[in-house]
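Right, one structure below, let's go through it.
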Amino acid sequence: MRSNWKSRKRSRYIDAAGRMCHACGESLGQDLEYDRYTELIRGVLCQYCSGAVYECPHPDGCYRADYLNHPPAGHLRERYYTGGNRNDRPRLRGAAA
């Protein structure tokens, strides 16, 4: 079951760039995909592209590279929540002390 924030973000990205995979455009987009360094959501990908988009060796000229360089819903610039759950917070605070 998806959490509410993830469903809302997914719906927003689908509204902005369509229901089909934002990389290949051939299958329904299912998974939010985000940049692991900036934590910004780039779009919604199908199951195949979600696992294969980072395997693209091309700097440009293929659909995967085009998606990574210019995501169709990238203008929304929303962050993907990568934090832990509530039980992780006290443990992390204690480790930093």
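How many residues are under 12 Å from the mean Cα position of the chain (by Cα) and hydrophobic (A, V, I, L, M, F, W, C) when one looks only at region 15-37? Counting residues in region 15-37 that are under 12 Å from the mean Cα position of the chain (by Cα) and hydrophobic (A, V, I, L, M, F, W, C) gives 3. The single condition among (1) in contact (Cβ under 8 Å) with a residue 40 or more places away in the chain; (2) assigned to a strand (DSSP E or B) that HIS22 does not meet is (2). For TYR13, the conditions (1) in a helix (DSSP H, G or I); (2) farther than 20 Å from TYR81 by Cβ; (3) modelled with pLDDT of 90 or more all hold with the exception of (2).
The values are calculated or read from the model by the stated rules, or taken from the named source; none is laboratory data. These figures come from a predicted structure and were not determined experimentally. Because the Cβ atoms are built from the backbone with ideal geometry, glycine has one as well, and the counts that use them run over all protein chains shown.
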